[in-house]
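Following: one structure in structure tokens, then a few remarks.
The values are calculated or read from the model by the stated rules, or taken from the named source; none is laboratory data. This is a predicted model, so every value here is computed, not measured. Note that each Cβ is placed from the backbone with ideal geometry, even for glycine, and that neighbours are counted across all protein chains shown.
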Amino acid sequence: MNLAHNLLCSSDWWATNVKENLLPWGLEGLDLGDDVLEVGPGFGATTRILAERLPKLTALELSERYCKRLRAAVGDKVEVVHGDATALPFDDDRFSAVVCFTMLHHIPSPELQDQALHEIARVLVPGGLFAGTDSVGKGRLFKLIHIGDILQLVDPGTFGGRLVAAGFSAPQVVAGRSMRWRTRKPAVAPASDVA
């Protein structure tokens with residue numbers, strides 16, 4: 001992330017917005033279960049709140065620098081793992097839920113985003129929940145803070161189909177100024193076509 005983006009995402013304003021708006025809207029009515037993975041926490045505004053609410057939280061972050069900062073902020077409340085969302089370093093069928101907030105647009109191509117979605121489905125238990133939010137790119141400030149950064153917006157109109165293609169069922173995608181989704185890995189693997 002560029003300097004402006006770093007300043008914004010590490011600000012008290014952002015932390016307050018996450019606590020009062022983003023997480024309540026993104027997770028409204030959801031039970032995440034007892035072993036949750038957060039993908040792409042960045043500076044950890046979401047992670048600090050989730051850590052207080054969940055019995056077990058693992059955070060996967062691509063930037064080693066952000067990992068160090070996050071470990072210092074959350075201590076032993078969260079297992080912070082340095083890794084890539086497109087190649088998750090976790091066993092199949094491990095997590096009760098996977099969440100991510102305002103990070104998918106930082107994955108540089110739709111193909112890599114889809115690879116991350118497949119990986120998320122892989123590490124969820126059957127029936128496990130995948131939920132989160134992302135920006136839809138409206139407004140000048142959003143575009144300004146991404147100058148020189150990766151910005152690959154996710155189209156809310158096609159995202160449900162992409163989730164199904166990645167192995168999820170019955171996705172719900174709601175879009176306005178931001179996008180929110182929730183979907184589940186099927187509880188039973190689909191039967192293979194045998195001739």
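Considering segment 67-119 alone, what residues qualify as being touching a Leu at 6+ places or on another chain (Cβ under 6 Å) and at pLDDT below 95? Hit for segment 67-119 is His105, nothing else. Number of residues in segment 59-83 that are more than 16 Å from Cys100 (Cβ to Cβ), among the aliphatic types (A, V, I, L, M) and touching a strand residue (DSSP E or B) at 6+ places or on another chain (Cβ under 9 Å) equals 1. No other residue among Ala51, Ala72 is in contact with a helix residue (DSSP H, G or I) (Cβ under 9 Å, 6 or more places away or on another chain) and either over 18 Å from Leu27 (Cβ atoms) or free of Cβ contacts under 8 Å to residues at least 40 places away in the same chain (or both) apart from Ala51. Taking residues in segment 22-43 that are under 18 Å from Val173 (Cβ atoms), and partners anywhere that are in a loop (DSSP other than H, G, I, E, B) and at pLDDT below 95, the pairs with Cβ atoms closer than 9 Å and at least 6 places apart or on different chains are Leu22/Thr102; Val39/Met103. Quick one: would you say Leu60 is closer than 24 Å to Asp93 by Cβ, buried (at least 23 other Cβ atoms within 10 Å of the Cβ) and modelled with pLDDT of 95 or more? Considered against the rule, which asks whether it is closer than 24 Å to Asp93 by Cβ, buried (at least 23 other Cβ atoms within 10 Å of the Cβ) and modelled with pLDDT of 95 or more, Leu60 comes out as yes. Might you let me know whether segment 35-46 holds any residue that is of a type outside the set (Asp, Glu) and loosely packed, with under 15 Cβ neighbours inside 10 Å? For segment 35-46, residues of a type outside the set (Asp, Glu) and loosely packed, with under 15 Cβ neighbours inside 10 Å: absent. Checked across segment 64-81, the condition of being within 13 Å of the chain's Cα centre (by Cα), of a type outside the set (Phe, Trp, Tyr) and surrounded by 14 or more Cβ atoms within 10 Å (Cβ to Cβ) holds for no residue.
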